[in-house]
Amino acid sequence: MSRRRLSPIVALPFVLRLAWPIAVSADPVIVNDITQLNPIAVARVVTPRTVDEVRELVRSHSGPISIGGGRFSMGGQIATEGSLFLDMRGMKRVVAFSPENRTITVEPGITWRAIQELIDPHGLSVKIMQSYASFTVGGSLSVNVHGRYVGQGPLIGSVRSIEVVLADGQLVQASPSENAELFYGSIGGYGGLGVIVQATLELTENQRVARAVRKLPVTEYRDFFFSEVRASPAVFHNGDLYPPAYDTVTAITWSATDRPVTVADRLMPVRDPNWADRLALFGVSEMPFGKELRARVLDPLTLRDHPVVWRNYEASYDVRQLEPRSRARSTYVLQEYFVPVARFDEFVPRMASIFRSHRVNVLNVSIRHAKQDPGSLLAWAKEESFAFVVYYKQGVTEPERKEVGVWTRELIDAALALGGSYYLPYQIHATEAQFGRAYPRAAEFFALKSRVDPDYRFRNKLWDRYDPPPKPATAAGRSAEWKLRSLKNYARSEDQTYLTLPEYRFNWGYHAMIGVIGTSYSTGYAVSGLYEGSVGRLTEWFSRPESGAPETAEDRFIRGVATEYAAFIHATPWYEFPFAAKLRQLWAIPEVPGASSVRRWERRLSFTDELAFKSAWGWLMKKATQSAYDPEQSEILVWTRKPDGGPLQVDPPARVLDPPDAHSQLLALPRYEPFTAAVTKLARRGVRFVEIAGNRRILMTVIAARDWKDTRGRGERLVEWDILTRPGQKRVAISVAVDRLHEVIPGLEAERVKIDHIYDY
Ligand SMILES: Cc1cc2nc3c(=O)[nH]c(=O)nc-3n(C[C@H](O)[C@H](O)[C@H](O)COP(=O)(O)OP(=O)(O)OC[C@H]3O[C@@H](n4cnc5c(N)ncnc54)[C@H](O)[C@@H]3O)c2cc1C
């Protein structure tokens, strides 16, 4: 319920503004963010000054609404085309301040800096905020930000309560104990649930802090952090990694002290960047050896003394200090990745190698630490984590932006593989599958959104990308989709289906693996061929049928193992084969009376060599594969529509799992070779596929007569090869829409085209 009334004087201009027909606004207004990469033409910008104005605007406007704070997010999170844009910077009052209770209640457009100016004379400090003070409280809450604070986590940890205006204009109070779902959804909810119009935050004591700097190898950093920083009275801490090396961390810790301050200012003076700041920025990003110069000379010089400052001073940097002269051709951008603390050492080399292989112009990677999030639906710290804040420079052209997308997705995969996550206020490059894995409770968030904002009015580029307004036909599938995406083993990268096609994007890791496998196989066959053609032939002579000696049991055993192995590798990586168990079985074989003992012993010894070698080589390959890739999944999850006649029955090893909703079925199908047969069988039965492993396209090869042409446009024909061993036939690779498989497969078969292989992910 509203607790404020509109005075007639305030109401008059406001009513006039509302009366202006928004939809016919002739001049759309462009809003953009700090990077200048995301101009968005909104229908109209309004700067509400009171909660009642916000409520009235939300109630009376029927189209999309977007919300902006300081506009420092970097991917269009503030707006969408044609929306009514609420510029919240007009609501910047302090509603209540209690120095005794150390709490402050503010409107969302206020900046941290303005709060600092008010509370500093009372010896108080903001408890959790970013490392700069220029952001609005509303924008910070909606991102659930964090800073360099030791032993703290996301901002939500310092929020007592918030007030939110929902899509129907209702004003709702939310806290961990009241409307908790809205509290945990709106904080970190990127303006998707409603407008935060007020927040009560906890404050803390403003202390004096002294700086200590230590340079150490990155491999020692995690232990150093837990033994010397986390356990100490440290207030701020960050570890800086210097490109291009990434092997040394400069650990900067500010700890509480009683020593007198060496800097008299209580807050950092606000100033524009001077020529020296700009020269340093340019030098580090553009000059040859600029990064080395900074790492070896400039920073050691800047960090050589041990200043003592007020906590508020160190927390009041201004983003303006970073601003380059122009962002027309290139721009400075941030990204951030999170990994569980235990996986720190694994992430750093992967990150460094991605930066190197894509020649990313990284200026700095700042490592921070965060406690686990207490429960927000879109929590980025699902457990205690280290954050890697990447500050880099990029060009603004379309190809340059696309290239950023490529390495960003690689970094996201690297973080996800370690159980980590990535940050949402930056450029929106993550695939839906990556978003779903990083934010496994997104399904709950979207379900809540569809309840409190059923018409999808609170919109911006982030939600347009991952939760676009449902079309009536797909509405039923929407919550199923997000439920599935939160399953750990559901979504796999679409790239995987195309890996065997060199025409598709080259993947060094996989090609190296295929090279190793190909070389091992060829070497293995060459050695066996030589051996069997010489020693093998000789001993075979002793057990030849004319000699009257029966076949040795070892020969039979080896044949059996070869057949078993051939079947095994169709569905499972070869190194999983139980070579060691086979070796034990070999030596337990009883002797066949009358069989040649020369042949018998030769077979035993040669096969022992082979099994022992493969067992050791397989173990090594398995370890190498596990260190580079996630454990192999043996099943692929397939989302289908529930057939009209009731739930589907499938033949083992396929399994039916719990459906994500009443209209769907979820199946687990075996991978590799049996996958083709399983999908083909389902398609022949008319089963309607929605997604396979979270993907909507899949690669299949078919075998057809050389003059066959897919005239019905069943998919995108990628490449075709004549089959040398089958004159008159060719193999064609087609990329097919998953939701058309039920018609494409029977259609091809009706034309006598054989489904050769469907490539799982
Ligand atoms: C130089 C720089 C340094 C940074 N350092 C850090 C850091 O140390 N730690 C960190 O966590 N992040 C950091 N960030 C990211 C920054 O915290 C976020 O971009 C934050 O959103 C900025 O706040 P803002 O006021 O600019 O919000 P905006 O960018 O304007 O908005 C962010 C989101 O909040 C929504 N929103 C805004 N106000 C409201 C409201 N009243 N109600 C509902 N939704 C609202 C918007 O719709 C949008 O989705 C940094 C960014 C920059 C540019």
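The values are calculated or read from the model by the stated rules, or taken from the named source; none is laboratory data. Quick caveat, the model's predicted, so the values are computed rather than measured. Methodologically, a virtual Cβ is constructed for each residue, glycine included, from the backbone with ideal geometry; neighbour enumeration extends over all protein chains shown. Accessible surface is based on the protein model in full, side chains and every heavy atom, while ligands, DNA and RNA are left aside. Shrake-Rupley method; radii C 1.70, N 1.55, O 1.52, S 1.80 Å.
For a test of the definition: using alpha carbon positions, the gyration tensor, and the 1.5 limit on a/c, classify segment 584-724 as rounded, prolate or oblate.
In terms of gyration-tensor shape, prolate.
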Note to self: What is the percent carbon and sulfur in the accessible area of the chain, measuring with a 1.4 Å probe over the protein chains and ignoring ligands?
What the structure shows: 56 percent
Item checked: List M129, M287, ordered by accessible area with a 1.4 Å probe, largest first -> M287, M129
Notebook entry, point to check: When the helices in the chain are scored as -39500 (n - 2.57) per DSSP H run of 4 or longer and the sum is shared across all residues, what 222 nm value do you end up with, to the nearest 500 deg cm²/dmol?
Noted result: -10000 deg cm²/dmol
Note to self: Probe of 1.4 angstrom, ligands and nucleic acids ignored: what's the accessible area per residue over the chain, in square angstrom?
What the structure shows: 46 Å²
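Return the FRET efficiency for the residue pair E673, E323: r is the Cβ-Cβ distance, R0 is 60 Å, and the value is rounded to the nearest 0.05.
0.55
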Check: Which entries of K393/K461; K127/K488; K371/K488 show an alpha-carbon separation above 26 angstrom in the structure shown?
Finding: K127/K488
Next item on the list: Could you state the angle between the C-alpha long axis of helix 475-485 and the longest principal axis of the C-alpha atoms of the chain, as a value from 0 to 90 degrees rounded to the nearest 10?
Entry: 70 degrees
Note to self: Longer than 22 Å from Cα to Cα, which of K582/K614; K483/K622; K642/K681; K681/K709; K382/K483 are they? Say none if no pair is.
What the structure shows: K483/K622; K681/K709
Note to self: On a full-extension model of 0.36 nm per residue, what is the gain between A662 and E346, subtracting their alpha-carbon distance, rounded to one decimal in nm?
What the structure shows: 109.6 nm
Notebook entry, point to check: How about K291: which aspartates and glutamates have a C-alpha closer than 17 Å to its C-alpha, ignoring those fewer than 8 places off in the same chain?
Noted result: D240, D247, D277, D299
